[in-house]
Every structure is written in C-alpha cells, then in structure tokens.
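Chemist: Sharing a structure here in structure tokens format.
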Amino acid sequence: MDTTNASSPLRDYGTVNKPFALKESLSSVVQGKMGKKKEERQPLLVSSNEPLNDTYDRSAIPRPDLRNSPDNVVVHLAGGPMEGASTPDGGVPPPPKPPKPDFDPVLNRNLEHPTSNLDTMIHLLKGNIGSGILAMPDAFSNAGLVVGTVGTLIMGVICTHCMHMLVKCAHELCRRSQMPALGFSEVVETAFATGPSVLRPFSHAAKIMVNVFLCITQLGFCCVYFVFVAANLRDVVAHFWIDLDVQVYLGLLLIPMIVLNWVKNLKYLAPVSLFASILTITGLGITFFYMLQGLPRTSSVHAFAPWHKLPLFFGTAIYAFEGIGVVLPLENNMETPQDFSGLTGVLNTGMVIVAALYTSVGFFGYLKYGDHVKGSITLNLPPNDLLAQSVRLMMGLAIFLSYGLQFYVPMNIIWPLIKDKLHTEKAQMYGEYIVRTIIVIFTFVLAALIPDLGAVISLVGAVSSSALALIFPPLIEIITFWKVGLGRYNWILWKDIAIVIFGLLGFGFGSYSSIENILNADKS
C-alpha cells in the first residue's frame, strides 16, 4: 500500500517513476519559458502565498490619508485618461475602472491624529458658540421678541439641515471619486465635475469660489474675535485703572495671538478648546444670573421690530451659527466618523445645545436690557460688580483661545498654495510659521479698521456665512443627486430651491443694511 504524501506528486514521481517525472519536469520547463513574458506583464497584486482569484478582497488594504499626501494634490476623476498618461509600451492607456459600489470612505481613512467623539463635540461647540452668542440680544433688538425667538429656532433647524446635506453629499462624492475624505471646496468641485455635463467646465471655478468664501468667513470671525477680546479688556481696565483706545488693546493682543496660532495640529487644540468651553459655560452661567434678575414684563419690549431692521437680525443670527466651515474638517478627522451624523449623533446633539443657548441668551438679554443692549451682552453687565467684570475677562479669554479653531480652516486653504513653491523641508517649516504670522497680522489690521463689533458681526454673517451655510449646501445636493433623483415629485429640489432663495435674500438685504450701518456710524 502506497503511503506517500498525495500533496507532493513530483516527489512521489521521483521515488516511484523516474522517467515519468523527468518528462513532467521537462514539460514544465518548456511551459515556464513560453509563459515567462506573459507572467512578467502581470501586475504584482498579491504575494506568492495568497490566492489570485476573483474573490480577492482589495478593500482589505487600508487606503492612505490622501488629503495630507503631497503626491495626491490633483485628483483625477472618472471620465477620461489624464493628460500625458501612457502605458509603459507607449500604447493608449486602458479606460479607468468604474468606482466600487461598496467603497465606504469612512472605513478607508488612515489618520495620524484622529479625534474622539468628545474632542469633536468640544470643537463643534466651540466652532459655533463664540462671540456670536453674546450678540444674540442685539439681534433680537432688530427683530423683536417674537420674531427673534421663532426666527432663531428656524435658522438653527435650517443650518443644521444644511450641515447634514453637506456631510451626506461629501460621502456620496467620496464613493464616486474613491477618496477617503473631501473638504468643503473639494466637495463642490467633485459635485460639478461628476454632475450634469453643462456644469463640468466650471468645477475648478466653483472650488475657488468656495475657498474664497471660506477664507472671508473664517477670517471675518477672527477679526470679530480680535475686536471682542479688545473691547472687553478695555471695559475692565477702564473701570479700574485707565481708559485707553481699543486699538491699544488690539496691539497688545497681537503677539499672544501669533504665538497661539503657531500650534499646527487640530488634536493639540482640543485641550485649549476644552478650557475655552469651560470658561464659556461659566461666563454664560454668570451672564444668565444677571439677565434673569428683575426681568421686566414682556410688554416692555417690542414683539415685532420694523421690517427694515430684519436684515440686520438675519446677518447676526446666521453669523451666530458659524460652524459650517468646520463641519467637514471635524468629521474627516474623527476616529469614528459614523457617529457624527444620525438622530442622536455628534452633530445633532451639538446643534440642539447651540440653538437652545442662542435662543435663551437672545430672549432674556433683550428682555432685560431692551433697546439699550450692546453688540455684546457682556458690555451691558453692571460695571461696579467684580463678578460682572470677571465675566468679561472669562469670555474674552475663551474667545481668544477659540481664535485658533477658526484660524484652522483658512490656513488649510492658503498654506498648500504656498507650500508647493518651497522645495526644502526647512523652508517649508519656516515658511508655515511666516504665513501663519502674516494672516494673524492681516486680521488684526481689519479689526483695527472697523472696531464696531455689531456692524462687523452682521456684515460677516450676511456676506459669507449666508453663502456657505444656506446657498452652497442645497446647490451641492441638487447637483450631486441630479442623475439619481431628487425624491417623489422632486420635493428635494423644491426644498433646496426655497433654502437658496432664502439665503440669497438674506445675502443681499443683510449686506446692504450692514454696510449702510457702518457708513452711517462713521458719519455720526
């Protein structure tokens, strides 16, 4: 009985039937020579110990984080070979492979410093709860108590819905382009490039437009932060010591602001944002303590303000919901991005907290101080109370520490354009510090030119925030899902058109009213 190993036939032939084994070995040598060239042309997809068959799962290999790779600045989308592309033998390159329908961008991210759900929630709250929340009583004075309350809640719902739209479109476009993550401007560019053919030539122009609005918005926030901190510091110092011009405090803040914004990694800003959030919560708590004391009757303030003031309310309110620019960076840097959306996800939870705080601060602040309310509610607190003065210091420090998060977005847009022109690692290191310093100085100059806090907030909100938060997201959704379908009776299309019209009206009337306010303030 033959007890040799059946899994080694060549070895068995060597011991049992040598002529047959020789014949087989010669045949294999001939076949090997004939197939050598054919084998050399095959790509090395797997190692020798892995089976090469149709069931091989290529998705098991994690994709690199293409966003931070200098070799992947230009993304080639499906639709034709890249210019200058050719095969090694000079022939025509094969057509691009269709995207995998089961590609999940969330599972194909490889981040060096991912943020946890708590980190993301902290950044989201700090990205939305800034100086805008303290300007809500001023916004209510331009709308009235009833219109301000209802309008703020409606604005919060619409802005949160637009954030969800942006994230949903980003995931869909990531699947189409086989990319693990896309930024705001990249989402717009990819939507145009893969959308209706008539829009494809404008994809790059659309990306540039969004980047410009992002820079204007975020740098506008930074200018407001400069003015806010300087105004509160001036109020405290003027009460206890000496009254100096607000430009003096802006100059004193410049060097600390530059040093703070030399921090490059969003992960390292989490402790700073946490401390700023604690200061903000404490300051808001003390502010409520003052606002809720001796409240007058609701009949003492206007329920409805004159119509010509509503654009100013819109500008301030849309500025307050200032987080649209940081939504995708936060979601892209999450360790578990699947927890970002959803009914009880990080986004909804954070925005419910934000909307509730905005509405309550605006309602009680306007009810307490009426038409005498200032651009920041902290400036209305009693100056002789040490506790009230501590609120100004706390909120000023919190906004100062929040500057870095708002600075993160424009820096990520501007720096790659300059980095490509610096060819050594040392030049790039020093170049980044120089660029960060120049941008901070730029926001300082703008803040010094228009120190009127309320006017700056309303203008920034009307011009840039309305475009990013209310106009671009619905347009992106229409373009992205145009071929797929926009719901029964095209209800998604009509809903998005209504949001765009609302955003355009706010953009036009809000900008006009804000500029008119600034010019009239200079004349008076």
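Chemist: Relative to the present Cα-Cα distance, how much length would full extension add between Asn384 and Ile281 at 0.36 nm per residue of separation? Before the final figure, lay out the partial values.
Modeler: Values: separation 103, 0.36 × 103 = 37.08 nm, distance 2.23 nm.
Here the answer is 34.9 nm.
Chemist: Beta carbons within 10 angstrom, averaged per residue: use that to sort the peptides 208-219, 433-444, highest first.
Modeler: The densest-packed peptide leads the list: 208-219, 433-444.
Chemist: Rank-order 190-199, 151-160, 297-306, 400-409 by packing density, defined as the average count of other C-beta atoms within 10 Å over each peptide's residues, highest first. Can you show the working numbers first?
Modeler: Numbers: 190-199: 18.3, 151-160: 19.8, 297-306: 13.4, 400-409: 24.3.
My ranking of the peptides, most packed first, is 400-409, 151-160, 190-199, 297-306.
Chemist: Report the net charge of residues surrounding Thr378, where surrounding means a beta-carbon distance below 15 angstrom and charges are Lys +1, Arg +1, Asp -1, Glu -1. Each step should come with its number before you reach the end.
Modeler: Details: positive: Arg234, Lys368, Lys374, Arg392; negative: Asp138, Asp235, Asp385.
With Lys, Arg at +1 and Asp, Glu at -1, the net is +1.
Chemist: Run the quick spin-label model on Trp491 and Phe288: label points 7 Å from Cα toward the beta carbon, then report their separation in nm to one decimal.
Modeler: Simple spin-label model gives 3.6 nm for this pair.
Chemist: Quick check on packing: order 109-118, 164-173 by the mean number of other C-beta atoms within 10 Å, highest mean leading.
Modeler: So the order, starting with the most tightly packed, is 164-173, 109-118.
Chemist: Suppose R0 equals 22 Å; then what is the FRET efficiency for Ile450 and Val212 from their Cβ-Cβ distance, rounded to the nearest 0.05?
Modeler: With a Förster radius of 22 Å, E is 0.65.
Chemist: What fraction, in whole percent, of alpha-carbon pairs in region 117-519 exceed 33 Å separation?
Modeler: It works out to 30 percent of all Cα pairs.
Chemist: Right, another one. For Ala398, what charge total do you get from the other residues with a beta carbon under 14 Å from its beta carbon, if Lys and Arg give +1 and Asp and Glu give -1?
Modeler: Around Ala398, the surrounding residues sum to +2.
Chemist: Taking the Cα centre of region 117-519 as the origin, how large is its charge dipole in debye, to the nearest 20, when only Lys and Arg (+1) and Asp and Glu (-1) carry charge on their Cβ atoms? Show your work: numbers first, answer last.
Modeler: Working: 21 positive and 21 negative charges, 110 e Å.
Value, rounded to 20: 520 debye.
Chemist: Further question on the same structure: Put +1 on the Cβ of every Lys and Arg and -1 on every Asp and Glu Cβ in region 247-342; which of His302, Val327, Phe275 then has its Cα farthest towards the positive end of the dipole?
Modeler: His302
Chemist: Considering only protein heavy atoms, what per residue accessible area in square angstrom results for region 352-393 with a 1.4 angstrom probe?
Modeler: Numbers: 1670 Å² over 42 residues.
So region 352-393 comes to 40 Å² accessible per residue, rounded to a whole number.
Chemist: Subtracting the Cα-Cα distance from 0.36 nm times the residue separation, let me have the gained length for Asn520 to Asn412 in nm, one decimal.
Modeler: 35.3 nm
Chemist: Once phi is turned into ³J(HN,Hα) by the Karplus curve 6.51 cos²θ - 1.76 cosθ + 1.60 with θ = phi - 60°, what whole-Hz value does each residue of region 170-185 show in order, with x for glycine and proline?
Modeler: My calculation for region 170-185 gives 4, 5, 5, 6, 5, 5, 5, 8, 6, 10, x, 7, 9, x, 4, 5 Hz in order.
Chemist: Okay, which of region 359-389 sit inside 11 Å, backbone N to the point 7 Å along the Cα-Cβ direction of His239?
Modeler: The answer is 378-389, whose backbone nitrogens lie closer than 11 Å to the label point.
Chemist: While we're looking at this one, here's another question. Expressed as a whole percentage, what fraction of the accessible surface of region 117-519 belongs to carbon and sulfur atoms when a 1.4 Å probe is rolled over the protein heavy atoms?
Modeler: 72
Chemist: Next up: Which whole-number value in Å² is the accessible area per residue of region 409-463, probe 1.4 Å?
Modeler: Per-residue value: 53 Å².
The values are calculated or read from the model by the stated rules, or taken from the named source; none is laboratory data. Computed from a predicted model, the values in this text were never measured in an experiment. Don't worry about glycine lacking a Cβ; one is built from the backbone with ideal geometry, like all the others, and counts go over all protein chains shown. These accessible areas exclude ligands, DNA and RNA; they are computed on the full protein's heavy atoms, side chains included. Shrake-Rupley method; radii C 1.70, N 1.55, O 1.52, S 1.80 Å.
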